[in-house]
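The values are calculated or read from the model by the stated rules, or taken from the named source; none is laboratory data. Just so it is clear, the structure is predicted and the values come from calculations on it, not from any experiment. Cβ: placed from backbone, ideal geometry, glycine included. Neighbour counts: every protein chain shown.
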Amino acid sequence: MERFLAEFSGRKVLLIPNEGNGGDCLILASTIAAMSKASIDVQVVDDGADFKNQTVFLGGGGNLVGIYGGMRRSIKACRDQAARIVLLPHTVRANEKLLKSLDGRTTIWCRDKRSFDHVSHTNPKIDCRLTHDMAFHCDVEDFLSDPEFNALGSPLLDASLRRAGVSLDQLSRLPLVRFMRTDKESAASRMDSDLDVSKVFTGVADVETSKLRAWCFLKTISAARQVTTDRLHVAIACALLRKECELVDNSYSKNREIYAFSLERFPSISFWRTAGPKIADRPSGKKPLLARLDKYRRRLTRYCALADAQSASA
């Protein structure tokens, strides 16, 4: 991706961000950082911009699937007038009619092999490429230690968590934090969530606000000791933070595909195999975090019962 972006050094491009949640804010912040590093003159716009003869980048994410329509609308808004269209790393499902309407002006970056095969097979005219999610371009240490974000983000962080009924201190005391989603992508309806962190810091707005929300998103995750999640970008954040995390699949197998392509190489990230048998990865050598937590709770219950018995006999 770095070499590809370098082709646009010194040039003006338009960027339509992917709408969404805290993970999408992290994608936007990371995309802006990568483009800045490549010396690209980027202007963030919406679907109503003038795209005539422009190079248009479309933000990465998981929006070009059947249950969402935002990225589909953005592509339709610019495809007829833009000189070039670049869709940054995306999960792509279905949308055959839209894909077939595109031509050689279009580059689509996929973030998993299944998406790459689907796009390549549907329309060979598209310049289809494979790479990792844009969030991997985030330098988390620099981002979290930035004085300006610490000053501006801390009040937003505290207020947002307070509205959700938790605090960083409470999360840091839990042996395992379950950052589980509470929306239509959830495939783990029987699993409780301590906090849907992506939803708490949702809303891709202007660049600076999105950066603040991305900072809050990372800061919250950094407070956890261990994590179980079905939020892809929570798992990516854990990988960047070197934090132990167990990833559960979502409703359309996005997580398992990106785990196989990108996250399996991180020692701190494992995939919850009970979420499905077909994940293309090595079996985990560790017991699942939830199983270890259950064992810890049973042991604590036995100790408490033993202490009560000894106290009663004294």
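Observations on the model:
- Among residues of segment 63-119, those that are in contact with a Pro (Cβ under 7 Å, 6 or more places away or on another chain) and assigned to a loop (DSSP other than H, G, I, E, B), counted: 1
- Meets criteria (in contact with a helix residue (DSSP H, G or I) (Cβ under 9 Å, 6 or more places away or on another chain) and over 18 Å from Gly60 (Cβ atoms)) for Ser115: no
- Test: residue in segment 207-221 that is surrounded by fewer than 22 Cβ atoms within 10 Å (Cβ to Cβ) and under 13 Å from the mean Cα position of the chain (by Cα): no
- Among residues of segment 179-204 that are more than 14 Å from Val227 (Cβ to Cβ) and at pLDDT 75 or above, those with a Cβ under 6 angstrom from a residue that is hydrophobic (A, V, I, L, M, F, W, C) and crowded, with 20+ Cβ neighbours inside 10 Å, sequence gap 6+ or separate chain, pair up as Phe201/Cys216; Phe201/Phe217; Val204/Cys25; Val204/Leu28.
- Condition check for Val86: in contact (Cβ under 8 Å) with a residue 12 or more places away in the chain, more than 19 Å from Glu2 (Cβ to Cβ) and under 22 Å from the mean Cα position of the chain (by Cα): no
- Residues of segment 222-239 classified as surrounded by 24 or more Cβ atoms within 10 Å (Cβ to Cβ) and within 13 Å of the chain's Cα centre (by Cα), total: 10
- Taken as a whole, segment 141-160 holds no residue that is in a loop (DSSP other than H, G, I, E, B) and either aliphatic (A, V, I, L, M) or touching a strand residue (DSSP E or B) at 6+ places or on another chain (Cβ under 8 Å) (or both).
- Qualifying residue in segment 92-101 (condition: touching a Lys or Arg at 6+ places or on another chain (Cβ under 9 Å), in contact (Cβ under 8 Å) with a residue 40 or more places away in the chain and buried (at least 19 other Cβ atoms within 10 Å of the Cβ)): no
- Check on Val13, among the β-branched types (Val, Ile, Thr) and surrounded by fewer than 23 Cβ atoms within 10 Å (Cβ to Cβ): yes
- Tabulated pairs, segment 116-132, first closer than 17 Å to Ser262 by Cβ, second surrounded by fewer than 16 Cβ atoms within 10 Å (Cβ to Cβ) and among the aromatic types (Phe, Trp, Tyr), C-beta under 8 angstrom, 6+ apart or interchain: Arg129/Phe4
- Scanning segment 50-71 for residues that are crowded, with 17+ Cβ neighbours inside 10 Å and over 19 Å from the mean Cα position of the chain (by Cα) returns Phe51, Gln54, Thr55, Val56.
- Members of segment 22-49 that are of a type in the set (A, V, I, L, M, F, W, C) and surrounded by fewer than 24 Cβ atoms within 10 Å (Cβ to Cβ): Ile32, Ala33, Ala34, Met35, Ala38, Ile40, Val42, Val44, Val45, Ala49
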